[in-house]
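> Below is one structure. I have some questions about it.
Readers should treat all values here as calculations from the given coordinates under stated rules, not as data from a laboratory. The structure displayed is predicted, hence computed values, not measured ones. As a convention, Cβ positions derive from the backbone with ideal geometry for all residues, glycine included, and neighbour counts pool all protein chains shown.
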């Protein structure tokens, strides 16, 4: 698995809310300023499904990132299986410096692992910036 992480200076309740509510997901779920997330749906429960549309702002390409939850522990952990069968595990932990988020995912085989790690870390960094500035 590939692991990315960050610490967000905010309350655990705020981090959980901003991570999971579609109105917030659309504000941070993309890896670079040339992209955006125009649509997000989230049924946050075990067996529930989620989908986020990630699109280039110039309209040249887009894709849906989707999956199904296999574990949801309020303010603690989320596990899901992506649409292509890969697994993801996310933990949220309150620390003296803020909420530590650790996200581990199975790599895909099309792109180098360092590139995948960089993309997921960039999205996590966007999340941190969004939460801390709102």
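> Between residue 20 and residue 61, what FRET efficiency follows from the Cβ-Cβ distance if R0 is 30 Å, with the result rounded to 0.05?
0.70
> Based on the Cβ-Cβ distance from residue 77 to residue 41, what FRET efficiency comes out when R0 is 25 Å, to the nearest 0.05? Provide the component values of the computation, followed by the final result.
Working: r = 21 Å, r/R0 = 0.84.
So the FRET efficiency works out to roughly 0.75.
> May I pose another question? Run lengths n ≥ 4 of DSSP H only: what is the helix-derived mean residue ellipticity at 222 nm for the chain, with -39500 (n - 2.57) per run over all residues, to the nearest 500?
Details: 3 runs with 36 residues, N = 134.
Rounded to the nearest 500, the figure is -8500 deg cm²/dmol.
> Would you mind calculating the relative contact order of the chain from Cα pairs under 8 angstrom and at least 6 residues apart, reporting the percent as a whole number? It would help to have the intermediate numbers written out before the result.
Values: 277 pairs, mean separation 41.3, N = 134.
Averaging sequence separation for qualifying contacts and normalising by length gives 31 percent for the chain.
> Now for a separate question. From the square roots a ≥ b ≥ c of the eigenvalues of the alpha-carbon gyration tensor of segment 11-73, which class results: rounded (a/c under 1.5), prolate (a/b over b/c), or oblate?
Numbers: a/c = 3.04, a/b = 1.56, b/c = 1.96.
Oblate, because a/c is 1.5 or more while a/b does not exceed b/c.
> I've got another one for you. Test of understanding: ordering 130, 80, 69 by Cβ neighbours within 10 Å, fewest first, what list do you get?
Details: 130 16, 80 22, 69 19.
Ordered from fewest to most neighbouring Cβ atoms within 10 Å, 130, 80, 69 come out as 130, 69, 80.
> Please compute the alpha carbon radius of gyration of the chain, then divide it by the globular-protein estimate 2.2 N^0.38 Å. Two decimals is fine.
Numbers: Rg = 14.0 Å, N = 134, 2.2 N^0.38 = 14.1 Å.
With N residues counted in the chain, Rg over 2.2 N^0.38 Å equals 0.99.
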